[in-house]
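**Q** The structure under discussion is supplied below as C-alpha cells; questions concerning it will follow.
Just so it is clear, none of the values below were taken in a lab; they were calculated from the coordinates. These numbers were taken from a predicted model, which means no experiment stands behind them. Neighbour counts are summed over all protein chains in view; Cβ atoms, including those assigned to glycine, are modelled from backbone coordinates with ideal geometry.
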Amino acid sequence: MTSALRIALQKSGRLSEDSYQLFKECGIRFDYGTGKLRSVSSNFPAEFLFLRDDDIPGYVEDGVADLGIVGENVSVETGRSVSTIHKLGFSKCRLSIAIPRGTDWSGIHDLTGKSIATSYPTLLGNYLKDKGVSADIHEISGSVEIAPGIGLAEAVCDIVSSGSTLLSNGLQEVETIFRSEAILIANPELTADKQTLVDKLLFRIKAVQAAKNNKYIVLNAPNHAIGQITSLLPGMRSPTVTPLATEGWSSVHSVLNENEFWENIEAIRAAGAEGILVIPIEKMIY
Ligand SMILES: Nc1ncnc2c1ncn2[C@@H]1O[C@H](COP(=O)(O)OP(=O)(O)OP(=O)(O)O)[C@@H](O)[C@H]1O
Ligand SMILES: O=P(O)(O)OC[C@H]1O[C@H](OP(=O)(O)OP(=O)(O)O)[C@H](O)[C@@H]1O
Ligand SMILES: [Mg+2]
C-alpha cells in the first residue's frame, strides 16, 4: 500500500491562507484551523502538518515531512538540503536593507563598521561578504524594524512588501538583497511511490496556475476582420470561430495570457472586435 504524502504548511501567517487555498483549488480537501496541528485529507493520500514556517525546511530535510511550502528566503536562510520543486507565485516579497529616513546613503559600503539587525543573518552575511563590506550583524527573531529607533542597530535587513512597515517606523529602503516567493520544497530522497504522488500533485498545481494566468475570451467580429483578430488570439491550439445569426459576423472564442490580453486589447478592438467578454478559467490542462 502506498503511504500518504506528508505535507508541512505554515500554521498561521503570511503563507497560510494561500497555501490552504492552493490545495482547495487542486481539489484536495482537509480540515484546518481550530488549533489543529495535523489533518488527513479526505480525498487524496496526504496528511498535513501545521507548523512554524522556520521549522519546515528542517522537517522536510529530515524526512518527517515529504513536502513543504515556505518562502524562498526561509529555505535559503536555513540552508537545509531540500529540493525546490516548484515556485508558487504567492507571498512575493523582498529582503532589503533599510536605514533611518533622512540618513545620507551613497552605497552599501556606508554600512562598514555599522550594526544591522536582521532575522536573516546568513543571507545578509553572504551579501555583505560578496560586496566586501564588514559590518556587525545583530540577529533578532522579529519586530526588526524597531531596532534603529531604540538604539539596537543602525540599519535593518528585513522583509518588505508594500513598504508600509518601513514607512511607519521611519525607515527608508536602500538596497534589495534577495527576492522571494512561496516555493514547494521536497525531501530529495522520496520513494518512487511518493514521487508518483508528488507528480500527481504538481500536475494539479500547474493546471491551477495556468488557469489563473489565462482568460477565456469571447468576442464578436465582422468576418473580414477574423484573420487579423485570430492572429492576436492564438489560443491553445487555435481559436474557435463560429457564425453569428447576423449575416457576415462571427464569434471568436480563445484563451489568452492575461498580460498579453491587456497588451493586445487595443489592436483587437481596432480590428473590429466588439462585445468582448473576458471570463476566468478554473482549470487549464495543456
Ligand atoms: N509582507 C509580506 N508580504 C508578502 N510576503 C511576506 C510578507 N512578509 C513575509 N512574507 C513571506 O511569508 C513568509 C512567512 O511570513 P510570516 O510573517 O508569516 O512569518 P513568521 O512570522 O516567521 O511566521 P511563523 O509564526 O510561522 O514563524 C516569509 O518568510 C516571507 O517569505
Ligand atoms: O512592507 P510591508 O507590506 O509592510 O510588509 C513587511 C512586513 O511584513 C512582515 O511582517 P508581518 O506583518 O508578517 O508580521 P511578523 O513579522 O510579526 O510575522 C515582515 O516581517 C515585515 O515586517
Ligand atoms: Mg517564522
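**Q** Once both axes come from the Cα atoms, what is the angle between helix 16-25 and the longest principal axis of the chain, in degrees from 0 to 90, rounded to 10?
**A** Compared with the principal axis, the helix lies near 30 degrees.
**Q** If segment 93-180 were replaced by its equivalent ellipsoid, with semi-axes equal to the square roots of 5 times the Cα gyration tensor eigenvalues, what would those be, largest first, whole Å? Display every interim value, and only then the final one.
**A** Values: eigenvalues 58, 40, 33 Å².
Working from the Cα gyration tensor, I get semi-axes of 17, 14, 13 Å.
**Q** With equal scatterers on the alpha carbons only and no solvent term, can you work out the Debye log10 of I(q)/I(0) for segment 105-156 at 0.15, 0.21, 0.31 1/Å?
**A** Log-scaled intensity ratios, in q order: -0.36, -0.70, -1.24.
**Q** For helix 192-213, what angle does its Cα long axis make with the longest principal axis of the chain, in degrees from 0 to 90 and rounded to 10?
**A** Helix 192-213 and the main axis of the chain meet at about 70 degrees.
**Q** With a Förster radius of 22 Å, plug the Cβ-Cβ distance of S238 and F203 into 1/(1 + (r/R0)^6) and report the FRET value to the nearest 0.05.
**A** Details: r = 24 Å, r/R0 = 1.11.
Efficiency, from the Cβ-Cβ distance: 0.35.
**Q** Net charge near L51, counting Lys/Arg +1 and Asp/Glu -1 over other residues with Cβ under 15 Å of its Cβ?
**A** Numbers: positive: R6, K11, R14, K36, R38, R52, R80; negative: E47, D53, D54, D55, E61, D62, D66.
With Lys, Arg at +1 and Asp, Glu at -1, the neighbours total 0.
**Q** Under a 5 Å amide H to amide H cut-off, with H placed in plane at 1.01 Å, what residues pair with V174 once short-range neighbours are removed?
**A** Under 5 Å from the amide H of V174 lie the amide H atoms of I97, A98, I99, each far enough along the sequence or on another chain.
**Q** Mean shadow of segment 153-286, computed from the convex hull of its alpha carbons, in nm²? Please list the in-between numbers first.
**A** Working: hull surface 57.0 nm².
Dividing the Cα hull surface by four gives the mean projection, 14.2 nm².
**Q** Any idea how far apart N223 and R38 come out in nm if each label point goes 7 Å out from Cα toward Cβ?
**A** Rounded to a tenth, the inter-label distance reads 6.7 nm.
**Q** If r is the Cβ-Cβ distance from D31 to S164 and R0 is 25 Å, what FRET efficiency results, to the nearest 0.05? Mind dumping the intermediate values first?
**A** Working: r = 33 Å, r/R0 = 1.33.
Using R0 = 25 Å, I get an efficiency of 0.15.
**Q** Once a ≥ b ≥ c are taken as the square roots of the eigenvalues of the Cα gyration tensor of the chain, is the result rounded (a/c under 1.5), prolate (a/b larger than b/c) or oblate (a/b not larger than b/c)?
**A** Details: a/c = 2.87, a/b = 1.47, b/c = 1.95.
Cα axes put the chain in the oblate bin.
**Q** Place a point 7 Å from Cα of S231 in the direction of its Cβ. Which residues in segment 270-285 have their backbone N less than 16 Å from it?
**A** Inside the label zone: 270-273.
**Q** For segment 1-58, run through the trypsin sites (Lys or Arg not before Pro) and keep only the ones in DSSP coil with at most 14 other Cβ atoms within 10 Å of their Cβ.
**A** Working: sites: R6, K11, R14, K24, R29, K36, R38, R52; in loops: K11, R14, R29, K36, R52.
The qualifying sites are R29, K36, R52.
**Q** Right, another one. Using θ = phi - 60° and the Karplus relation 6.51 cos²θ - 1.76 cosθ + 1.60, list the HN-Hα couplings for segment 122-138 in order, rounded to whole Hz, with x at every Gly or Pro.
**A** 6, 4, 5, x, 5, 5, 5, 4, 4, 8, x, 9, 9, 9, 9, 8, 10
**Q** Now for a separate question. What is the distance, in nm, between label points placed 7 Å from the Cα along the Cα-to-Cβ direction at A4 and at E258?
**A** So the two model labels end up 3.3 nm from each other.
**Q** A further question on this structure: Near G113, within a Cβ-to-Cβ distance under 13 Å, what is the net charge of the other residues, with Lys and Arg +1 and Asp and Glu -1? Each step should come with its number before you reach the end.
**A** Details: positive: K114; negative: D110, D136, E154.
Cβ neighbours under 13 Å give a net charge of -2.
**Q** Measure out, as a whole number of angstrom, how far apart the alpha-carbon centroids of segment 236-286 and segment 98-125 sit.
**A** Cα centres, segment 236-286 to segment 98-125: 50 Å.
**Q** If you take every residue apart from L184 with its C-beta less than 13 Å away from the C-beta of L184, what net charge results, scoring Lys and Arg +1 and Asp and Glu -1?
**A** Numbers: positive: K87, R204, K206; negative: D18, D66, E72, E181, D199.
Net local charge, L184 excluded: -2.
**Q** Please turn the phi angles of segment 145-153 into ³J(HN,Hα) values with the Karplus equation 6.51 cos²θ - 1.76 cosθ + 1.60 (θ = phi - 60°), one per residue in order, whole Hz, x for glycine and proline.
**A** Each residue's phi maps through the Karplus curve to give 5, 6, 3, x, x, 10, x, 7, 7 Hz.
**Q** For the chain, what does the relative contact order come out to in percent, with C-alpha contacts under 8 Å and a separation of six or more?
**A** Details: 540 pairs, mean separation 54.1, N = 286.
After rounding, I find 19 percent.
**Q** Within straight cross-link reach of K24, meaning Cα distance under 27 Å, which lysines are found once same-chain residues fewer than 8 apart are removed?
**A** Straight-line reach from K24, under 27 Å: K11, K36, K87, K92, K194, K200, K206, K212, K215, K283.
**Q** Can you grab the distance from the C-alpha centre of segment 165-203 to the C-alpha centre of segment 211-230, Å, no decimals?
**A** Each part reduced to its Cα centre gives a spacing of 36 Å.
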